[in-house]
1. Rounded to the nearest 500 deg cm²/dmol, what is the calculated helix-only ellipticity per residue at 222 nm for the chain, with -39500 (n - 2.57) per DSSP H run of length n ≥ 4?
2. Answer with one residue from A25, A174, A250: the one whose Cα lies farthest towards the positive end of the charge dipole of the chain, charges on Cβ with Lys, Arg +1 and Asp, Glu -1.
3. I'd like the distance separating the alpha-carbon centroids of region 407-428 and region 126-181, in whole Å.
4. What does the charge count around A148 come to, taking other residues whose C-beta lies under 14 Å from its C-beta (Lys +1, Arg +1, Asp -1, Glu -1)?
5. Work out the FRET efficiency for A411 and S317 from their Cβ-Cβ distance, taking R0 = 30 Å, and round it to the nearest 0.05.
6. At 7 Å along Cα-to-Cβ for each site, give me the label-to-label distance between M1 and Q72 in nm.
7. How large is the dipole of the chain about the Cα centre if only Lys and Arg carry +1 and Asp and Glu carry -1, each at its Cβ, rounded to the nearest 20 debye?
8. Fewest to most neighbouring Cβ within 10 Å: what's the order for K299, K195?
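Just so it is clear, none of the values below were taken in a lab; they were calculated from the coordinates. Bear in mind the structure is a predicted one, so any value in this text is a computation, not a measurement. Reconstructed Cβ throughout: ideal geometry from the backbone, glycine too, with neighbour counts over all protein chains shown.
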Amino acid sequence: MTEREAVAHLLRRATFGPTADEVDAAERVGVAATLDALLTPATPDRGAAATPLPALGPDPYAALAEKPSREQRQQANRERREQVLTLTGWWLDRMVAADDQVAEKLLFFWHGHWATSAQKVRSAPLLLRQLETLRRHGRGPLEPLVTAMVRDPALILWLDGQKNTRKAPNENLARELMELFTLGIGGGYTESDVKEGARALTGWVVDRRTGAARFEARRHDPRPKTILGATGDLDAEAYARLLAGRPETARFVAARLWFRYAGPQPAAPADLAGPDTAATLRRVFTAPAFAQTRDTLVKQPVEWLVGALRQLGVRPSALPEQRRRQVLAGLNAMDQVPLRPPSVGGWPAGTAWLTTSSLQARLRLATLLATVAAPAALDRLAAAPPDGRPDALARLLVVDAWSARTRAALAPLAKEPRRLLAAGLVSPEYTVS
C-alpha cells in the first residue's frame, strides 16, 4: 500500500469521506501525523461553528391543555414531526460541514450503539439533548458516558424506564443496557442480574412537559441488590459505574468500534480497548490488521451520502427545500435515516445494505447529487480529456483505482460529466471502502 493509499484508507474510515484536497494534505505529512491531527484537532471547528444548534423550541405537547381536543393533538403531532425533520436536516448539514470529522462520525457510531428512535420518543428536543450527551462524553472514558445515558430522558422513554417502579419493575432498560450497550451478549450476566438491575433503575421518570428526567424516591426500590456479584443499595449511578468498570464492557465496546471502523474480518485484536474511546480508536487505526481491511467495508447509506456531499461541495442547507426533502427521501428509501434506527439494536451492517431496492434508491440519489454538485467538482472532471476523466473521477471521489469492469462501464460516459459522476457514486469501488 502506498503512502497515499494508506492515508486515504485512514481518512475514509475515520471520517465520513475525505475530499481529494484533504488526502493531498494528509499525504504530505504522513499517516502518523494525520492520525494525531484527526484525534486531537489543533484548531477550532469552523464548520461546526457555522452550523449552530437548531432553535427547536419546546415540545409542542407542552403547550396543550390538560384535556386537548383531537385537532389540537393532531396539530401538536404535526409540529413534532416538523421539529424532528428540522433536527435531522441540521445534523446532516453538520456532518458535511464539520472540520472535526472524527467527532461527527463517532457521534453517529454512538447514535447507532445507543439506538434511540424518534418513532417512539417523538421529541426532537429530547433527541437533540441525547446527541449532545453523546458528543460531550463520546471521546472519553466509558463511565461518564454510561452514567449520563442511564439518566437520559430519550433513552428512558425509548426503553420504558418511566414504567419501572418498585411495585412493577420493567426490565427493558436494564436488559438492553447489559446486552446491547455495555457487557454484550455473553458478557457474564444472568437473568437475576437483569432483574436486580431493573430494581436499581427504579425511580427515574421523564416530565414530558419540561423534557427533564427526575428521580422520584417513592418509586425507587431502596432494598439491597446483588448485581454481578456486588451487593448494596445500588441505584442508577452505582449500577452504571459497575457496568462501565467491567472488563467485559471495555472489550465489547472496543469490538463494536472495530466492527464499525474496520469491519467484521479479521476479528478485533485482543488488546484493543484503551482507557477512553479516543485511545481505543487510535489502537483501531494503528493495528497491523487495519490495513488488511481496505476495500471490505460496505458504506452505510448515511456515510455514503455525507461523503459524497463533502466531495461534491454540496451543503444540504444550501439546497432548495424540495431538494433537501428529496435527499431525506433517498435516505429513507435506503432504510437509514438519522434519529430513526429500526430497533434498539441499531441498523444492520455489511451486505444488508446491498439489496436490489436500496441499490435502485442509491442510483436515484446519486443522480440527484450529480445534478446539484458544485461547479468546482464538475470543472475538475471537465478539465481532463475525455479518456482521462475516469481517473479524474477516481481522484475526486477518493477511489484508489477502478476495476477493469468499472472502467469499461465509465468510459462511454466520459463526455457527460454528470452521468459519469452518478455512475461513479454507485460503483462497487465507491460503495465499499
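1. The helix-only estimate for the chain comes to -16000 deg cm²/dmol at 222 nm.
2. So the residue we want is A174.
3. Using only Cα atoms, the two centres lie 45 Å from each other.
4. Local charge sum for A148: +2.
5. 0.25
6. Between M1 and Q72, the label points sit 6.0 nm apart.
7. 1160 debye
8. Lowest to highest Cβ neighbour count: K195, K299.
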